[in-house]
Amino acid sequence: MSAPGPSYFPDCYRILVQGIDAQCLLGVYEHEQREARRINVEVELHVPVDTRAARDDALAGTINYEKVVQTVQRVASGRRFRLVESLASTLLEELAQLAGLRALRVAVDKPAPMAGLQAVRIELWRQW
């Protein structure tokens with residue numbers, strides 16, 4: 001089964017930022033809100049091909065993935081979230097502010113949310 005949303009734009013390149021570790025107060029139960037837990041985030045950015053960026057070999061012509069990581073870590077640690085969906089939505093809104101995107105996918109994994117469950121993943125897409 002393929003993921004919903006676009007997986008390919010013929011006029012774009014894809015930047016996949018995988019394995020972003022962040023700390024977050026996340027959960028509906030009181031014990032989950034006492035101590036920050038590790039979450040894992042993946043961000044997929046579709047950026048229109050700009051021949052100037054390839055020719056100039058300059059960071060200014062593309063998305064700086066360091067900024068993506070910093071945004072994820074800032075948002076995750078900046079407030080309390082009850083639902084993984086709320087965290088993913090907030091991340092999507094923040095990252096959507098990056099200039100030059102055609103599409104964006106944010107996936108948030110909450111490891112070991114309960115006994116017998118390896119992780120829960122929420123994925124959200126936005127496309128322009």
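Would you mention how many residues in segment 85-118 are on the phi > 0 side of the Ramachandran plot and hydrophobic (A, V, I, L, M, F, W, C)?
Within segment 85-118, residues that are on the phi > 0 side of the Ramachandran plot and hydrophobic (A, V, I, L, M, F, W, C) number 1.
Since Ala54 meets every condition but one in (1) open to solvent by 90 Å² or more (accessible area, probe 1.4 Å); (2) in a helix (DSSP H, G or I); (3) at pLDDT below 95, which condition does it not meet?
(1)
Which residues, taken from segment 79-95, are open to solvent by 60 Å² or more (accessible area, probe 1.4 Å), in a helix (DSSP H, G or I) and over 15 Å from Lys110 (Cα atoms)?
Glu93, Glu94
So the check is Cβ under 7 Å with 6+ separation or different chains; which pairs have a first residue in segment 1-29 that's exposed (fewer than 15 other Cβ atoms within 10 Å of the Cβ) and a second one that's of a type in the set (S, T, N, Q) and modelled with pLDDT of 95 or more?
That search, which allows pairs on different chains as well, returns Gly19/Asn40; Asp21/Asn40; Gln23/Ser77.
When Glu94 is evaluated against the numbered criteria (1) at pLDDT below 95; (2) in contact with a helix residue (DSSP H, G or I) (Cβ under 9 Å, 6 or more places away or on another chain); (3) of a type in the set (D, E, K, R), which criterion, by number, is the only one it fails?
(1)
The values are calculated or read from the model by the stated rules, or taken from the named source; none is laboratory data. Predicted, not measured: the structure shown is a model, and the values here were computed from it. In this analysis, Cβ positions are derived from the backbone assuming ideal geometry, glycine residues included, and neighbour counts consider all displayed protein chains. When the accessible area is computed, the model is the full protein with side chains, heavy atoms only, and any ligands, DNA or RNA have been set aside. Shrake-Rupley method; radii C 1.70, N 1.55, O 1.52, S 1.80 Å.
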